[in-house]
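Every read-out reported here was derived from the displayed coordinates using simple, explicitly stated rules and does not represent laboratory data. Keep in mind it's a predicted model, so treat the numbers as computed, not measured. Glycine gets a Cβ as well: all are built from the backbone with ideal geometry, and neighbour counts include every protein chain shown.
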Amino acid sequence: MQPITTRLLLWYDSHHRTLPWRISPRERLAGITADPYRIWLSEIMLQQTTVEAVKSYFRVFIEKWPTVVDLAAASQDDVLRAWAGLGYYSRARNLKKCADIICAEYGGHFPSDLASLKSLPGIGDYTAAAIASIAFDLPMAVVDGNVERVITRLYALATPLPLAKPEIRSRMQALTPDERSGDFAQAMMDLGATICTPRRPACVICPLNDNCQALKTTDPEFFPVKAPKKEKPVRVGAAFVAISNDELYLRSRAETGLLGGMAEVPTTSWTARLDGETELDAAPFPANWVATGNITHVFTHFELRLKIYKAHDVEKDIVAGGWWVKVDKLGGEALPTVMKKAIAAAVPDAFARRRN
DNA sequence: AACGCGTGGAA
DNA sequence: TTTCCAAGCGT
């Protein structure tokens, strides 16, 4: 076995992180096996999402739906409500689809081979390898952002991403042991998350500092090399918060695309320029709309500035297509963060924490 | 291949 | 304040 592999596994035995979905090396040695459902659920949640953000969501999901059968029995709306705030909502829609398929076509058991895993919605190269490796201990190369960083530094790979991906995968496969492949994958990710960090890596205490070409020849912080990113355009629009007594008007967004299937307050379309004079023409229904503030929200690929209008004493009869919710029950809705911001601008105490 | 797709925390 | 970016996937 390569020295890098054994060194990293030894480091992992004493320095691994303890996480709600994880089996420790000691437990694994005692014959405890990982639950593929928990590994899958955590991996989906962790896609482009920090460990800290995932922890509480993972606990809630496991509490509500302890098995994949329980999750399949839930409605998509239940799942979206529980996912609200975590972002990338197609993950939640695919999560539900995948649970349905596992129950209908796989007897409630996750497959262990890469091809079957990759055919499931929401499972790509990384997640398929992670499940095969961590849940089934198969020696698959698990390559995420952490591994890309560690490998490009270990071998001083100057090829920019994503062009370097094949080489990184091949290097990772060569390092992956036949035994403890799941622990090795998690060790690489823990190293990337705690030692081999994007900025100011802690090379002095790194178990692989003797093996690191970047550290020997230049500055590890130069790796990985990435293609330059584009500027974020600004889009603008208006949102309409309608109030009737203690209730607020919501509706559903389209099933696909941005914030697909989530709840919203009505808005104008989001365009590059503010068409100021005709904003109110886009109001969902006639009412005494009063401008009440502005919010800004940054998405992955654009920045959104919304002017918030508010109307009280709206006639509920004239409104069709959505539903009314008591303001103090908004926490139970599938509201993405941008919509919570819009509502909070019109109803400042809408999401305020209740006293005692 | 390049783009659409959220959010909140760190520096 | 701004910038970066965190266990990527689908098209």
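First select every other residue whose beta carbon is under 14 angstrom from the beta carbon of A:Arg199; then total the charges, Lys and Arg +1, Asp and Glu -1. Show your work: numbers first, answer last.
Details: positive: A:Arg149, A:Arg153, A:Arg200, A:Lys226; negative: A:Asp219, A:Glu221.
Residues close to A:Arg199 contribute a combined charge of +2.
For chain A, what does the relative contact order come out to in percent, with C-alpha contacts under 8 Å and a separation of six or more? Please list the in-between numbers first.
Numbers: 534 pairs, mean separation 54.8, N = 356.
Once normalised by length, the contact order is 15 percent.
Quickly rank A:110-119, A:40-49 as a protection proxy: mean count of other C-beta atoms within 10 Å, highest first. Walk me through the numbers before you get to the answer.
Working: A:110-119: 16.0, A:40-49: 19.8.
Descending packing order for the listed peptides: A:40-49, A:110-119.
Run the numbers on the stretch A:178-252 and let me know its relative contact order in percent, using alpha-carbon pairs under 8 Å that are six or more apart. Could the numbers behind the result be given before it?
Details: 23 pairs, mean separation 10.6, N = 75.
The normalised contact order for the stretch A:178-252 reaches 14 percent.
In degrees from 0 to 90, rounded to the nearest 10, what is the angle of the helix A:3-15 Cα long axis to the longest principal axis of chain A?
The angle comes out at about 60 degrees.
Which distance in nm do the two modelled labels at A:Ser56 and A:Asp317 give, with both placed 7 Å along the Cα-to-Cβ direction?
Taking the two extended label points, one gets 4.3 nm.
Distance between the C-alpha centers of the stretch A:6-33 and the stretch A:290-341? Whole Å please.
Cα centroid to Cα centroid, the span is 45 Å.
Using each residue's phi in the stretch A:146-159, evaluate 6.51 cos²θ - 1.76 cosθ + 1.60 at θ = phi - 60° and report the 3J(HN,Hα) Karplus result to the nearest Hz, with x for Gly and Pro.
So the Karplus estimates, Gly and Pro as x, are 4, 5, 4, 5, 4, 5, 4, 6, 4, 10, 6, 7, 8, 4 Hz.
Given points 7 Å out from each Cα along the Cα-Cβ axis, report the A:Glu63 to A:Thr159 separation in nanometres with one decimal.
4.7
In whole Hz, what ³J(HN,Hα) sequence does the stretch A:324-337 give by Karplus (6.51, -1.76, 1.60; θ = phi - 60°), x for Gly and Pro?
10, 10, 4, 4, 7, 10, 4, x, x, 8, 7, 9, x, 4
With a point put 7 Å past each Cα toward its Cβ, work out how far A:Gln47 is from A:Asp349 in nm, to one decimal.
The modelled label-to-label distance comes out at 4.1 nm.
Would you grab the residues whose amide H sits under 5 Å from the one on A:Glu303? Only those 5+ places off in sequence or on another chain, please, with H modelled 1.01 Å from N.
Under 5 Å from the amide H of A:Glu303 lie the amide H atoms of A:Val234, A:Arg235, each far enough along the sequence or on another chain.
Starting from the Cα of A:Arg273, step 7 Å toward the Cβ, then list every residue of the stretch A:226-253 with an amide N under 18 Å from that point.
Within reach of a label on A:Arg273, which here means backbone N under 18 Å from a point 7 Å along Cα→Cβ, the stretch A:226-253 contributes A:233-238.
Using only the C-alpha atoms of the stretch A:234-346, find the volume of their convex hull and express it per residue in Å³.
On the way: hull volume 10.9 nm³, N = 113.
Taking only Cα atoms, the stretch A:234-346 has a hull volume of 96 Å³ per residue.
Treating the angle as unsigned and between 0 and 90°, give the value, to the nearest 10°, between the Cα long axis of helix A:36-46 and the longest Cα principal axis of chain A.
60
Which percent, to the nearest 5, of DSSP beta bridges fully inside chain A are antiparallel? Each step should come with its number before you reach the end.
Details: 18 of 28 bridges.
Beta bridges within chain A, antiparallel portion: roughly 65 percent.
Select from the stretch A:263-333 those trypsin sites (Lys or Arg not before Pro) which occupy a DSSP coil region and have at most 13 other Cβ atoms within 10 Å, ordered by residue number. Display every interim value, and only then the final one.
Numbers: sites: A:Arg273, A:Arg305, A:Lys307, A:Lys310, A:Lys316, A:Lys326, A:Lys329; in loops: A:Arg273.
Filter output for the stretch A:263-333: A:Arg273.
Going 7 Å from the Cα of A:Tyr88 along its beta-carbon direction, which residues of the stretch A:300-330 have the amide nitrogen within less than 15 Å of the resulting point?
Zone members listed by number: A:300-301.
For the stretch A:47-95, state what percent of all Cα-Cα pairs lands in each successive 5 Å bin, counting from 0 Å until the bin that includes the largest distance.
Calculated over all Cα pairs of the stretch A:47-95, the distribution is 5, 20, 33, 28, 12, 2 percent.
What percent of all Cα-Cα pairs in the stretch A:3-222 falls into each 5 Å bin, going from 0 up to the bin containing the maximum distance?
1, 7, 14, 19, 19, 16, 12, 8, 4, 1, 0, 0
Mind checking which of A:Gly237, A:Gly260, A:Gly31 has the largest fluctuation in a GNM of chain A, springs on alpha carbons under 10 Å?
A:Gly31
Where does helix A:181-194 land angle-wise versus the long Cα axis of chain A, in degrees 0 to 90, nearest 10?
That works out to roughly 60 degrees.
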